[in-house]
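> This is the structure, below, for whatever I ask next.
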Amino acid sequence: MTLLSSEDLVAIVEQRARDLGFYAVVDNTCDDWSYSAAAEYLLERLRDLRRDHRRVCLISSGEVTVELSPGVSAEGSDKLGIGGRNQHFALYAATLLGSLDACTVVLSAGTDGIDGNSFAAGAVVDEKTLLDDEKLLSRAQRSLERFDSGTFLQEAGLNIVTGATGNNLRDLRILLAAEC
């Protein structure tokens, strides 16, 4: 059995996106950036690409970081929140998506099938995840502050659960935008 490299996986995703009619771009610029800076950068890059192309697939591999604040816990208890960097990235991206991002989907997942202390590999969100729901947006922001994005996304049915894959090719983010 031959294992794929991270570059091979990205090339497969890029080619599949092209086969499906997407203008595909690989951008690994934000490897090792904070989840928030990476989400902001990648969404802005997607928006820029979307100005010139009907269907865009922006692919980013590598790992983003989440810096836990000392003493922060879920629900004000000693229990640490549930989730990891991919779920945190996805939920934060959902807070940035608005009505101008119609038909946009963001996926972030660990290729090993495990994200932080959760059973999920990551999550997938779109522009409708939090759109026009201030209460839900506020709850999402509190989940981010408590490092409990996994619980929020699980309750919303947005987590990706694959089980442990036995491979770790780094994390993969795929941002898609199309005409509605």
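> Which pairs do you get when a residue that is under 20 Å from residue 51 (Cβ atoms), found in the range 11-28, comes within reach of a residue that is among the basic types (Lys, Arg) and part of a loop (DSSP other than H, G, I, E, B), reach meaning Cβ atoms under 6 angstrom, with the pair 6+ apart or on two chains?
21/55; 22/55
> Being surrounded by fewer than 20 Cβ atoms within 10 Å (Cβ to Cβ) and either of a type in the set (Phe, Trp, Tyr) or at pLDDT 95 or above (or both) narrows it down to one residue among 73, 138, 99, 77; which is it?
Numbers: 73 fails: either of a type in the set (Phe, Trp, Tyr) or at pLDDT 95 or above (or both); 99 fails: either of a type in the set (Phe, Trp, Tyr) or at pLDDT 95 or above (or both); 77 fails: either of a type in the set (Phe, Trp, Tyr) or at pLDDT 95 or above (or both).
From the options 73, 138, 99, 77, the qualifying one is 138.
> For the range 123-161, enumerate the residues that are aromatic (Phe, Trp, Tyr) and not in a loop (DSSP other than H, G, I, E, B). Give the derivation first.
Step one: of the range 123-161, the residues aromatic (Phe, Trp, Tyr) are 147, 152.
Across the range 123-161, the qualifying residue is only 152.
> Let me ask something else. Of the residues that make up the range 156-179, is at least one within 18 Å of residue 104 (Cβ to Cβ), surrounded by fewer than 23 Cβ atoms within 10 Å (Cβ to Cβ) and without any contact (Cβ under 8 Å) to a residue 12 or more places away in the chain?
No, the range 156-179 contains no residue that is within 18 Å of residue 104 (Cβ to Cβ), surrounded by fewer than 23 Cβ atoms within 10 Å (Cβ to Cβ) and without any contact (Cβ under 8 Å) to a residue 12 or more places away in the chain.
> Another question, then. Which of (1) surrounded by 15 or more Cβ atoms within 10 Å (Cβ to Cβ); (2) over 29 Å from residue 9 (Cβ atoms); (3) at pLDDT 95 or above does residue 146 not meet, given it meets every other one?
Failed condition: (3).
> Of the residues 109, 90, 120, which single one is in a loop (DSSP other than H, G, I, E, B) and in contact with a strand residue (DSSP E or B) (Cβ under 7 Å, 6 or more places away or on another chain)?
Values: 109 fails: in a loop (DSSP other than H, G, I, E, B); 90 fails: in a loop (DSSP other than H, G, I, E, B).
The unique qualifying residue is 120.
> Could you please find all residues in the range 135-168 being among the small types (Gly, Ala, Ser) and more than 19 Å from residue 66 (Cα to Cα)? Walk me through it before giving the result.
First pass over the range 135-168, keeping only residues among the small types (Gly, Ala, Ser): 138, 140, 143, 149-150, 156-157, 163-164, 166.
If the condition is that a residue be among the small types (Gly, Ala, Ser) and more than 19 Å from residue 66 (Cα to Cα), then 138, 156, 157, 163, 164, 166 are the ones that fit.
> Show the residue pairs that are 6+ apart or on different chains and have beta-carbon atoms under 8 Å apart, the first residue being within the range 41-60 and loosely packed, with under 14 Cβ neighbours inside 10 Å, the second being in a loop (DSSP other than H, G, I, E, B) and of a type in the set (A, V, I, L, M, F, W, C).
Once the first residue is loosely packed, with under 14 Cβ neighbours inside 10 Å and sits in the range 41-60, its partners that are in a loop (DSSP other than H, G, I, E, B) and of a type in the set (A, V, I, L, M, F, W, C) give 54/178.
> Would it be correct to say that residue 113 is in contact (Cβ under 8 Å) with a residue 40 or more places away in the chain and buried (at least 21 other Cβ atoms within 10 Å of the Cβ)?
Working: in contact (Cβ under 8 Å) with a residue 40 or more places away in the chain: yes; buried (at least 21 other Cβ atoms within 10 Å of the Cβ): no.
No.
> Got a number for residues in the range 119-135 being surrounded by fewer than 23 Cβ atoms within 10 Å (Cβ to Cβ) and among the hydroxyl-bearing types (Ser, Thr, Tyr)?
Going residue by residue through the range 119-135, those that are surrounded by fewer than 23 Cβ atoms within 10 Å (Cβ to Cβ) are 119, 124, 126-128, 131-135.
Okay, now just the ones that are also among the hydroxyl-bearing types (Ser, Thr, Tyr), so none.
Final tally of qualifying residues: 0.
The values are calculated or read from the model by the stated rules, or taken from the named source; none is laboratory data. Not measured: the values here are computed from a predicted model. Here the Cβ is made from the backbone with ideal geometry for all residues, glycine too, and neighbour counts use every protein chain on show.
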